[in-house]
Amino acid sequence: MNDQVSLLIVDDHPVVRDGLRGMFENAPGFTVLGEASDGVEALERAAALDPDVILMDLRMPGGGGVDAIRELTRRGARAKVLVLTTYDTDSDTLPAIEAGATGYLLKDAPRDELFTAVRAAAEGRTVLSPAVATRLVSAVRTPGAPGNEPLSAREREVLALVAKGTSNREIARELFISEATVKTHLTHLYAKLGVNDRAAAVATAYQRGILG
């Protein structure tokens, strides 16, 4: 991956956009390609600019973040979406993750945590702030759903590394297996947990006591 991570900042408050732009432009390794003030504009700007990561607020007049994330996912956009918002309620976190967000942070996150999260998101790794992870755990309720089949020891190892934000390549190196084998394990544990992606797998695993 290019060392430079390109960003699109989406927030309805100009002061927030200016602050984020200044923060990232003054940090090595980041390029801010543009800004948008709502979800509709975000879709237009994402198509035109093709950023690595979109920093997405959720509640915006003129077009919310969740709808924009869902549409980006439907279009197969290359950009990873990292939600950055003040809201950590169940009604905000779960729809954003289900829509396809790679990560979810709160606006009070420390600067270094935000930088790390953006780099991780650019590599396709799931990033959840501790408060959001807790919310997701409480929100995931799947009694009777697929996913009561126990995970194998190796699948648990893979899942534990996923929960730490480890990439497939790093998991393969850590466990001395191929990336293809990592993907196979992920496919199997997704099926057993009844989920479709890394974030949901981690949240479900915490809720069921598999992790933690």
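Here are the numbers:
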| quantity | calculated |
| --- | --- |
| For S6, residues with placed amide H under 5 Å, excluding near neighbours | T31, D52, V53 |
| Correct choice for percent of Cα pairs over 31 Å apart that was computed from the model, options [x] 19; [y] 15; [z] 40 | [x] |
| Note, ³J(HN,Hα) from phi for the range 152-167, Karplus 6.51, -1.76, 1.60, rounded to Hz, x at Gly and Pro | 6, 4, 5, 5, 5, 4, 4, 5, 4, 6, 4, 5, 8, x, 7, 6 |
| Ratio of the Cα radius of gyration of the range 27-100 to 2.2 N^0.38 Å, where N counts its residues | 1.05 |
| Contact order normalised by residue count of the range 1-116, Cα under 8 Å, 6+ apart, percent | 22 percent |
| Full-stretch length increase - E170, L33 - with 0.36 nm per residue and alpha-carbon distance subtracted | 46.4 nm |
| 3J(HN,Hα) from dihedral phi, the range 114-123, Karplus parametrisation 6.51/-1.76/1.60, rounded to Hz, x for glycine, proline | 5, 4, 4, 5, 5, 5, 5, 4, 4, 8 |
| Accessible heavy-atom area order of Y190, Y104, Y206, highest first, probe of 1.4 Å | Y206, Y190, Y104 |
| Accessible area per residue, Å², the range 153-208 with all protein chains present, probe 1.4 Å | 50 Å² |
| Surface per residue (accessible, 1.4 Å probe) for the range 5-141, Å² | 43 Å² |
| Solvent-accessible area, 1.4 Å probe, carbon plus sulfur percent, for the range 5-141 | 51 percent |
| Backbone HN-Hα couplings from phi across the range 21-32 [Karplus 6.51/-1.76/1.60, Hz, Gly and Pro as x] | 4, x, 4, 6, 5, 8, 10, x, x, 10, 10, 8 |
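The values are calculated or read from the model by the stated rules, or taken from the named source; none is laboratory data. Predicted model, so just to flag it, every value in this text is computed and none were measured. Ligands, DNA and RNA are excluded from the accessible area calculation, which covers all protein heavy atoms including side chains. Shrake-Rupley method; radii C 1.70, N 1.55, O 1.52, S 1.80 Å.
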